[in-house]
Amino acid sequence: MNQPALTRREILKTAALGAFTLPLFGSVAFAAEKKNAEKAAPAVLPSYATFPDGREHGLRLGVTSYSTRSLTLDETIATMKVVRISNLALYKAHCNWESASVDECRAIGEKLKAGGFRLTGSGVINLSNDEAKTRQAFENAKAGGMATMVCKPAKDALRLVEQLAKEFDQKLAIHNHGPEDKEYPSPAVAFEAIKSLDSRIGLCIDVGHTARFGEDPIAAIKKYASRVYDVHMKDSVAIVGAQKDVPIEVGAGRLDIRGLLRVLLEVKYNGVVTFEYEKVAGNPVTGLAESLGYVRGMLAALAA
């Protein structure tokens, strides 16, 4: 898919926060660079606290901490404050929702809340047909105050998962992983598996994996809008059918980012647009910041 007419430079120029105002991450230098970046930010930019639910120009923006998997939880929290993100989904490196204790999950949830964050989701939680193990994941999500459990339930566990979703009144979003995923390669496959289940069970549409599978993520968002509870925002240069993704900063790849944002606004999507920065090489903070800056600029352009 080709990128829309607006150039990358134009988008980043209008962005609420571009990559060039953000710190390069270093264990000692990070705090000082963060302070300098905050001082350097123009006074006209909205502050971190301006958006009570993380909504910017109609969409709620967030980050999954898989993006900062090489950082500690405290470093991740500091990074989120710099990039002005208050919606955070925690990857297992920062809280293992499948095996941690209820007390550990509750403490992490309280820590995030005290810092002004909403725990909007998780890394992909595997749910099996083992009731004790799956119940533990639900108990942990509840203890942490998680809004939406991003998950991958085994096909033979779906009825158990539905039962627990009702019992815990927990919203779930099944994540698709592209051609190599034998259970949920695309939103269409995931929807077919859950369409007759309780409405608490929906989709987390990963736009990069969806495009790589050969399904149009824009069409998928529109078609399944009523059951789309999370969207993983990313970009990729991988071709259709590739068994391995080639992630890149948002706006530099093959995806129609403007089209994705426009359809999310059209369907009045109320979930979180969760950035999942997966590029291995390079600095996760600057790559994430560039991606956020691009989307913020695009949203500002669409709203103008």
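Please treat every number below as a calculation from the coordinates, not as lab data. Quantities reported herein were computed from a predicted structural model and do not represent experimental measurements. Note: ideal-geometry Cβ built from the backbone for every residue, glycine included; neighbour counts use all protein chains shown.
Measuring from label point to label point, each 7 Å out along Cα→Cβ, what is the Lys222 to Glu183 span in nm?
Result: 3.1 nm between the two label points.
Just for the Cα atoms in the stretch 260-304, what are the lengths along the principal axes, largest first, rounded to whole Å?
35, 22, 12
Just how large is the dipole of the stretch 81-235 about the Cα centre, in debye to the nearest 20, putting +1 at every Lys and Arg Cβ and -1 at every Asp and Glu Cβ?
520
For the peptides 207-219, 251-263, what is the packing order when you average, over each peptide's residues, the other Cβ atoms within 10 Å and list the highest mean first?
Per-residue mean Cβ counts within 10 Å order the peptides as 207-219, 251-263.
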